[in-house]
Amino acid sequence: MKKFPTHSYDYLLHVQREISETLNESTDIYETLQSCLEKLLKMMNLSTGWIFLLYNHDDYELASYHQLPPALNKNDQAIMKQQEGCSDCYCLNRYREGRLAQAVQSIRCARLSDALSLDKHADTNGLTHHASVPLTVRGSKVGLLNLATPGMRDFEKEELLLLESIAFQIGATVERIRLYHKQSDLLITKERTRLARDLHDSVKQKLFALSLTSKGIEALSKDLPAITDAAKDVGTLSQEALQEMQSLIWQLRPEHGEDPLADTLEKHALRLGLRPFIQCRTLPLTETVNESLTKIGQEAIYNVFKHAETDQLSIVLDTVDEGVVFEISDPGVGGAFPHPSRLGMKSMQERAEQIGADFTVTSRTEQGQKLRFA
């Protein structure tokens with residue numbers, strides 16, 4: 001296969017510039033890595049590549065890939081992922097152990113070997129080895145860039161130096177985007193805190209005063225049934241509004257991750273006077289998934305409190321077919337989860353989409369409802 005002209009200093013600069021521009025086009029990590037990988041493979045005349053991102057010493061994910069052979073692409077790239085994939089990945093193990101500090105010319109791919117051990121006729125597109133380039137920034141292990149092409153490709157010295165330089169840019173970009181989103185999250189948390197404080201200090205106090213006033217009017221108008229009834233109605237409505245406001249303030253309050261998902265939702269249900277049945281496994285959820293499920297659960301619990309006409313509900317978190325299932329159900333009148341166009345439902349749907357979850361609602365009159373995320 002034709003190599004790119006490493007003798008051309010101008011071309012090396014051209015590759016660097018193209019990759020740099022690509023890395024600055026988006027603040028979405030996955031979109032950025034995918035575009036960068038595809039452009040890098042094209043410019044270096046390579047066929048296949050993939051990028052692993054590390055989140056701590058043990059956890060990793062397949063963040064982007066291009067033209068994986070059928071042997072690696074099978075079952076939604078299962079062999080490339082942490083849960084179902086290779087348990088003895090040579091390149092990742094070396095990287096974690098600190099024995100892969102610079103670009104390595106050629107490593108036999110353990111994942112391809114595993115695929116062939118499962119099916120000796122597995123189609124590898126002629127791939128057996130790959131080059132591995134660490135994505136390390138200031139000593140922090142960010143991930144690993146793997147590049148491959150059919151047969152054995154010997155990279156020249158200039159190519160390896162170029163790949164190391166590009167890998168540093170990729171790692172720095174990943175760190176930059178993560179910091180960007182962290183800053184955005186901090187701003188959102190600050191705004192949520194402000195809103196919760198304002199609601200507590202102003203609206204909630206006024207509702208409480210209205211509730212007390214209605215009781216006073218009711219006590220002073222015992223001989224005037226019409227006024228007494230009106231005062232009772234005002235008192236009832238103000239109490240309901242107070243409960244809803246308390247729930248809203250609690251949901252706006254920033255999550256600090258101190259309680260597991262099940263404990264957080266149980267406390268929320270108990271605050272609303274509900275009797276929750278909890279059946280949740282402790283699962284290694286990412287921070288994003290955990291926060292999304294927490295907010296979804298809080299909204300669903302509030303809907304049960306407001307619409308279901310029952311104080312019972314069930315919360316289930318479990319694994320099914322290599323995935324996670326989250327269910328909230330009630331034995332009420334069948335109206336706990338309102339029309340999809342309502343704000344609460346739209347919010348739950350949007351949060352489900354953000355974490356790639358399928359969202360379904362089943363309802364039967366007088367037999368309750370079930371909300372399911374998978």
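Of the residues 163, 116, only one is in a helix (DSSP H, G or I) and either surrounded by fewer than 19 Cβ atoms within 10 Å (Cβ to Cβ) or basic (Lys, Arg) (or both); which? Before you say what the answer is, go through the steps one by one.
Values: 163 fails: either surrounded by fewer than 19 Cβ atoms within 10 Å (Cβ to Cβ) or basic (Lys, Arg) (or both).
The conditions single out 116.
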Q. So which residues in region 190-233 are hydroxyl-bearing (Ser, Thr, Tyr), surrounded by 15 or more Cβ atoms within 10 Å (Cβ to Cβ) and within 42 Å of the chain's Cα centre (by Cα)?
A. 211
(Q) Condition (residue is modelled with pLDDT under 90, surrounded by 14 or more Cβ atoms within 10 Å (Cβ to Cβ) and either not assigned by TED's automatic domain parsing to the domain that holds residue 68 or not in a loop (DSSP other than H, G, I, E, B) (or both)) applied to region 137-154: is it met by at least one residue? (A) yes
**Q.** Qualifying residue in region 263-284 (condition: among the polar types (S, T, N, Q) and surrounded by 15 or more Cβ atoms within 10 Å (Cβ to Cβ))
**A.** yes
Q. Of the residues 230, 241, 262, which is modelled with pLDDT of 85 or more and of a type outside the set (Phe, Trp, Tyr)?
A. 230
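Quick one: count up the residues across region 169-220 that are of a type in the set (A, V, I, L, M, F, W, C), out of contact with any Leu (no Cβ under 8 Å at 6 or more places or on another chain) and in contact (Cβ under 8 Å) with a residue 24 or more places away in the chain.
First, pick out the residues of region 169-220 that are of a type in the set (A, V, I, L, M, F, W, C): 170, 172, 174, 177, 179, 186-188, 195-196, 199, 203, 207-210, 212, 217, 219-220.
Among the residues that remain, those that are also out of contact with any Leu (no Cβ under 8 Å at 6 or more places or on another chain) are: 172, 177, 179, 186-188, 203, 209-210, 212, 217, 219-220.
Checking which are in contact (Cβ under 8 Å) with a residue 24 or more places away in the chain leaves us with 172, 177, 203, 210.
The qualifying residues number 4.
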Q | Restricting region 308-358 to residues that are over 20 Å from residue 271 (Cβ atoms) and in contact with a Pro (Cβ under 9 Å, 6 or more places away or on another chain), the residue that is modelled with the highest pLDDT | A | 349
(Q) Need the failing condition index for residue 272 against (1) at pLDDT 85 or above; (2) over 24 Å from the mean Cα position of the chain (by Cα); (3) closer than 30 Å to residue 215 by Cα, just the number. (A) (1)
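How many residues, within region 119-147, are charged (D, E, K, R) and touching a residue at least 24 places away in the same chain (Cβ under 8 Å)? Break it down stepwise before answering.
Within region 119-147, the subset charged (D, E, K, R) is 119-120, 123, 138, 141.
So of that shortlist, the ones also touching a residue at least 24 places away in the same chain (Cβ under 8 Å) come out as 119, 123, 141.
Of the residues in region 119-147, 3 are charged (D, E, K, R) and touching a residue at least 24 places away in the same chain (Cβ under 8 Å).
Which residues, taken from region 304-325, are of a type outside the set (Asp, Glu) and in a loop (DSSP other than H, G, I, E, B)?
Initially, region 304-325 is screened for residues of a type outside the set (Asp, Glu), giving 304-308, 310, 312-317, 319-320, 323-325.
308, 310 - these are the residues of region 304-325 that are of a type outside the set (Asp, Glu) and in a loop (DSSP other than H, G, I, E, B).
The values are calculated or read from the model by the stated rules, or taken from the named source; none is laboratory data. All of these numbers come straight from a predicted model, not from anything done at the bench. When we count neighbours, we look across all protein chains shown, and the Cβ atoms used for this are built from the backbone with ideal geometry, even at glycine.
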